[in-house]
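Quick notes on the structure that follows.
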Amino acid sequence: MTLRAELTLTRGSFELSVSLSVPEGGVLAVLGPNGAGKSTVLSCLAGLVRAERAHVRLGGRVLDGDGVRVPAHERGVGLLAQNALLFPHLSVLDNVAFSPRSRGASKAEAREVARRWLDEVDAREFADRSPAELSGGQAQRVGLARALAGEPGLLLLDEPLAALDVDAAPAVRGVLRRVLRESGRKLATVLVTHDPLDALTLADHVAVLAEGRIVEQGPAREVLAAPRTVFTARLAGVNLVPGTATRTGSGAVVRTASGQSFHGVPARDLADGDAAVAVFNPGAVAVHPHDAEVAGSPRNVVNAVVTAVEPHGPVVRLRTREGISADLTPASVADLALEPGTPVRLAVKAAVVAVHAAPEPARGPDPAIGW
């Protein structure tokens, strides 16, 4: 079923105002920093929180708006959070059977539905166990089966992998992908996550929420490959410099609020005066001693101070007070004697910098860096 929702809610100084659309069979990932309003959106869709103004339509049914407010238990919505919240006094089989039983199925019919869904999530072998006998990953599989056994038109996933360990999360992610993406089920799914891997592997589209507003949205791979806000850039593991764009022939310059400039290659939709972001990978940043002459005449040279030196897979990630990260080999870190407090010069070629229009003036650090 297609989901269309417009929600407005105020709680103290926090204001939420979003519009969402998820087609039948689609998966929308909602990303954003803590306090952005992600879980509030899910609670409103589930009917657990009442928005001041709401219009929520699922398929041909109005769940909220036009004088209608369908209670949570009648919405046809499945919900899975970080904790599966299984009934401790029921077996796994009867936990999953609870959904069809609550919709009027007989005990035998409900258990047959439950067995089918336990098969779907590779959890049939746990049918006779109690929830206390399950690992975290096993419990999440059972929770997913229970959420889907009621045949919902909308599935809400609130960081379902966040509490799992590094071994369990990939397995449950694989189950989610198969159930949501490959089975052709006709439901809409909204996934709240902090993990870009979840968005890339499970979702069609991404909406990035900040302070109760959607600031970025689009196909998941496109948003994470070309982020336009500081949060999304950090999530995707790339550098982002916010400012205002000026076109310069085939190139572009991003000027920051402090009056500095950063050169790069403009996106086709970029216009003079746009709020813009310069985006580049940490691996494209060359690091030099602070008093060295930088060879090759790169267009962008930054005087910076190291704040952290962190292992990052096979490389070491250097973070700086100026908000720019660089990836180096361990040998380079040793040769340059890098540690927090070390002054350095960072060089980035304009050819590896992409300049995109931003949805709004990007929030984030704008230090007076020396380009």
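A short reminder: the numbers here are calculations on the coordinates, not readings from a lab. Note that the structure is predicted; figures quoted are calculated from it, not measured.
Which whole-number percentage describes the relative contact order of segment 134-230, with Cα contacts under 8 Å and a sequence gap of 6 or more?
Reported relative contact order: 23 percent.
Amide H of residue 129: which non-local residues (sequence gap of 5 or more, or other chain) have their own amide H closer than 5 Å, using H built in the peptide plane?
Long-range HN contacts for residue 129: 92, 93.
How many percent of DSSP beta bridges within the chain run antiparallel, rounded to 5?
80
Name the long-range amide H neighbours of residue 25: under 5 Å, sequence gap of 5 or more, or other chain; modelled H, no Pro or chain starts.
Correct list: 187, 188.
Karplus couplings for segment 219-228 from phi (6.51 cos²θ - 1.76 cosθ + 1.60, θ = phi - 60°), rounded to Hz, Gly and Pro as x?
Along segment 219-228, the couplings run x, 4, 5, 5, 5, 7, 7, 9, x, 10 Hz.
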